[in-house]
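Before any comments, here is the structure.
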Amino acid sequence: MANKKTERIDITGADLIKLIKGVYKLSTQQGIGLHIPNKEEDLTYDEARKFIVGSDSGGLIIEMDYVDGRACNFHVEKRGERLFIPTTWYDHTDAQLFELLSIIGMSQKMQKVPHLPGCECKDCNKE
């Protein structure tokens, strides 16, 4: 089994605006974001577009930390021509990651997500 810290989910071809809006929708206010007035509305297209920061050369293409007080803690990395997200989403559940993948039409990718660190299943105990 590959190193869990380096595994990623390939989301190449995903609608990045839908992805960004989904991240925002599934994130809640917490921590340092609690003092910011809660914005009930979804992000607009123009607001979402501002989070696409990468270039054609690779590296981070989307970076979302705290947005309107919501702890998004999300990024998309470009490697060559492919786009990847981590197999775990900090401060979010696996169910939220599955819902995000569903929003962009890639819920079948969740089947390839490894178990989380600390998993006690027989396959993880072999490592």
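Here, each number is a calculation from the coordinates, and none is a lab measurement. What you see is a predicted model, and the numbers here were worked out from it, not measured in a lab. Ideal geometry is used to build each Cβ from the backbone, glycine not excepted, and the neighbour counts take in all protein chains shown.
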Under 13 Å from the Cβ of Gln96, count the other residues' Cβ atoms, weight Lys and Arg +1, Asp and Glu -1, and hand me the total.
-1
Between the modelled labels at Glu7 and Glu41 (7 Å from Cα along Cα→Cβ) the distance in nm is 4.0 nm
Most exposed first, judged by fewest Cβ atoms within 10 angstrom, Glu63, Glu41 run Glu41, Glu63
Give me the extension gain from Arg82 to Leu60: residue separation times 0.36 nm, minus the current Cα-Cα distance, reported in nm with one decimal.
6.8 nm
